[in-house]
Amino acid sequence: MCGIVGYVGGQECAPILLDGLRRLEYRGYDSAGLAVHSRGKIDVLRAVGKLRNLEGKLREVPLAGTVGIGHTRWATHGRPSEVNAHPHQAGDVVVVHNGIIENHTALRKQLQASGCEIKSDTDTELVAHLVSRRVAGGLPLEESVRATLSELEGAYAIAVLSVKEPNRIIVAKKASPLVLGLGEGEMFCASDIPALLPYTRDMVFMEDGEMAVIEADKVTLSTVEGQPVEREAKRIDWSPMMAEKAGYKHFMLKEIFEQPRAIEDTLRGRLDREGGDIYGTEFELDVAEIKRVILLACGTSHHAAMAGRYYLEGLARIPTVVELASEFRGRDAVVLPGDLVIAVSQSGETLDTLIAAREAKEKGAKVLSIANVLGSAIPRMSDAVFYTHAGPEIGVASTKCFTTQLANLLMFSIWLGRRRDVLSAEKSAALVEGLARIPQQMAEALKGTRQLCANLARRYVEARDVLFLGRGLSFPIALEGALKLKEISYVHAEGYAAGEMKHGPIALIDSKVPVLVLLPKDEHYERSLSNLEEAKARDAQVIGIATEGDEEAREVSHNLVEIPASLPELTPFLTVIPLQLYSYYVADFKGTDVDQPRNLAKTVTVE
Ligand code: M6R
């Protein structure tokens with residue numbers, strides 16, 4: 001979604017704002033702009049398209065000044081255009097905004113009726129007018145923003161400048177992320193941590209319903225109602241390098257290769273190898289009270305949640321349902337006493353997941369969230385949080401966050417299974433040992449399959465349709481493989497439960513369709529092999545993903561990708577790797593924008 005950066009200090013701010021916006025590019029955007037205080041006025045520059053267009057304009061019309069705000073816009077109200085790009089100016093006031101003002105139609109009518117000339121189609125410009133009228137009436141900027149917020153319904157993170165108060169930025173937050181960065185004689189704000197990492201590691205996470213006045217030597221937090229708020233800064237230990245490409249062609253490729261490290265960090269301090277158990281003290285859940293688990297998520301996180309159901313049912317013997325958050329919310333779903341909701345979200349900000357979890361909580365469910373972004377909205381509303389430690393994921397296509405989500409879901413299932421007395425000590429110990437080996441095995445799988453996946457991608461790059469098949473735990477992995485290919489290469493792909501093929505999709509198969517079949521050695525192996533044969537008998541190009549040394553799979557597949565042997569529960573960590581690599585290389589050969597695929601955004605905070 002959109003990105004916000006703000007700076008107040010002693011340095012020329014335009015380069016800092018641009019640099020921050022560049023670090024937020026992963027959020028997806030279609031236009032960008034800057035506003036800088038400059039000797040008694042505010043200069044605004046906006047451009048459609050990538051940041052380089054804005055940079056080009058800046059070279060022609062430099063913005064000089066040490067206080068300013070920047071924005072990357074992902075269109076919600078009004079098409080991508082310069083006039084709709086942020087910042088929006090009204091009189092002495094300039095505003096950037098992330099989120100959606102839900103009562104924009106009523107506000108627009110009201111402003112127009114009072115003679116206001118509105119230039120853009122955006123909801124944001126309305127906010128600028130509302131604040132500007134109050135400033136023009138003599139109210140200080142902070143109070144003008146405060147009063148305006150009481151008129152707004154919906155979600156926002158806003159940053160506001162006024163010509164009359166050149167040394168400060170006023171920011172406010174409700175349901176869209178905003179973080180404040182504390183420097184020495186300079187202060188920052190941004191919609192996400194990576195924008196600020198080169199400048200400061202000390203950050204304050206704003207809560208919903210809060211405002212802040214940002215000045216060079218201090219930030220002053222308060223509630224929208226005007227109550228002072230004291231909050232300690234958190235030290236963020238991500239290095240700027242962690243948020244950069246580290247020599248890889250794309251963030252996505254870097255993140256695929258970071259998976260062994262990401263899993264290692266996520267397992268750190270969790271595996272009780274001596275006791276064959278999982279440390280989970282902070283769950284603070286009354287296990288006896290949990291009667292059912294409802295997993296809520298979207299997209300890739302939903303695929304991890306689907307795998308989570310196999311873990312929870314198989315290892316903890318607890319009834320479990322998985323729901324698309326967008327379908328759960330608003331349908332008045334039944335929540336029973338003893339329901340535990342697990343909300344799975346990389347960003348922790350996905351609106352559908354947030355609202356679905358909130359609805360379930362209001363109906364009495366306890367909420368445990370699995371998230372990657374510290375201090376994001378979903379963890380904040382949860383009763384307990386189980387963070388993944390993947391580090392920042394910049395590529396829009398989720399990879400390392402998917403596998404770290406799997407790790408947390410598996411660890412939680414082992415923990416619960418032991419406490420419910422349904423998972424034997426031997427099985428638990430074997431899983432813990434197996435998990436401890438997973439980072440090394442993932443590294444082997446990455447090394448062993450990279451070139452082969454690139455070759456396969458080259459061979460099938462022109463395929464218009466691709467099928468991914470799997471059974472049991474491999475079914476969500478097949479879905480994930482298909483989603484990866486679709487979103488970054490724009491090739492039509494379907495993931496299917498292999499047993500479902502004969503009920504319809506088999507009609508799609510002909511000699512032009514590559515079919516990737518997941519064949520790990522588990523209880524489904526023989527039947528999945530038969531499904532591969534069925535596809536082959538209909539002339540499909542079949543690619544088996546099987547355990548190393550599996551001669552039977554090699555014999556029947558046109559191409560075989562081998563992964564290290566592991567316990568059946570651990571195979572998803574390994575089978576997903578060739579699917580991620582295959583998708584990556586198809587997209588790379590096609591020359592698509594791998595890290596920022598068209599129409600997609602990293603954090604989906606709209607309906
Ligand atoms: O941040 P979340 O995990 O809640 O995001 C959910 C989906 O938007 C996300 O997984 C999306 O499907 C990714 N582009 C997948 O690669």
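The values are calculated or read from the model by the stated rules, or taken from the named source; none is laboratory data. If you're wondering where the values come from, they're calculated on a predicted model, not measured in any experiment. All Cβ positions, glycine included, derive from the backbone under ideal geometry; neighbour counts span all protein chains shown. Note: areas computed on protein heavy atoms with side chains; ligands, DNA, RNA excluded. Shrake-Rupley method; radii C 1.70, N 1.55, O 1.52, S 1.80 Å.
Some notes on this structure:
- Residue, surrounded by the most Cβ atoms within 10 Å (Cβ to Cβ), within segment 418-453, restricted to residues that are more than 26 Å from the chain's Cα centre (by Cα) and within 23 Å of Gly591 (Cα to Cα): Thr449
- Within segment 325-363, tally of residues that are open to solvent by less than 20 Å² (accessible area, probe 1.4 Å) and more than 12 Å from the ligand (Cβ to nearest atom): 7
- Enumeration of residues in segment 198-214 that are open to solvent by 30 Å² or more (accessible area, probe 1.4 Å) and among the acidic types (Asp, Glu): Asp202, Glu207, Asp208
- The requirement of being in contact (Cβ under 8 Å) with a residue 60 or more places away in the chain, more than 16 Å from the ligand (Cβ to nearest atom) and more than 22 Å from Ala407 (Cα to Cα) is satisfied by Ala535.
- Some residue of segment 468-482 being at pLDDT 95 or above, out of contact with any strand residue (DSSP E or B) (no Cβ under 7 Å at 6 or more places or on another chain), open to solvent by less than 10 Å² (accessible area, probe 1.4 Å) and of a type in the set (Phe, Trp, Tyr): no
- Qualifying residue in segment 397-417 (condition: within 12 Å of the ligand (Cβ to nearest atom), open to solvent by 10 Å² or more (accessible area, probe 1.4 Å) and modelled with pLDDT under 95): no
- Among the residues making up segment 369-388, those that are within 11 Å of the ligand (Cβ to nearest atom) and not in a helix (DSSP H, G or I) are Ser369, Ile370, Ala371, Asn372, Val373, Ser376, Thr388.
- Condition check for Pro578: away from the ligand (no atom under 16 Å from the Cβ) and either in contact with a Cys (Cβ under 6 Å, 6 or more places away or on another chain) or basic (Lys, Arg) (or both): yes
- Here the strands (runs of 3 or more DSSP E) wholly within segment 103-197 that include at least 1 residues being over 29 Å from the mean Cα position of the chain (by Cα) and in contact (Cβ under 8 Å) with a residue 24 or more places away in the chain are 156-162, 165-174.
- Checking Gly391 against (1) more than 16 Å from the ligand (Cβ to nearest atom); (2) on the phi > 0 side of the Ramachandran plot, the condition it does not meet: (1)
- Residue under evaluation Ala565, criteria (1) free of Cβ contacts under 8 Å to residues at least 60 places away in the same chain; (2) more than 17 Å from Glu444 (Cα to Cα); (3) of a type in the set (A, V, I, L, M), criterion not met: (2)
- Exactly one residue among Asp522, Asp510, Asp550 is surrounded by fewer than 16 Cβ atoms within 10 Å (Cβ to Cβ) and either touching an Asp or Glu at 6+ places or on another chain (Cβ under 9 Å) or among the small types (Gly, Ala, Ser) (or both), and that residue is Asp510.
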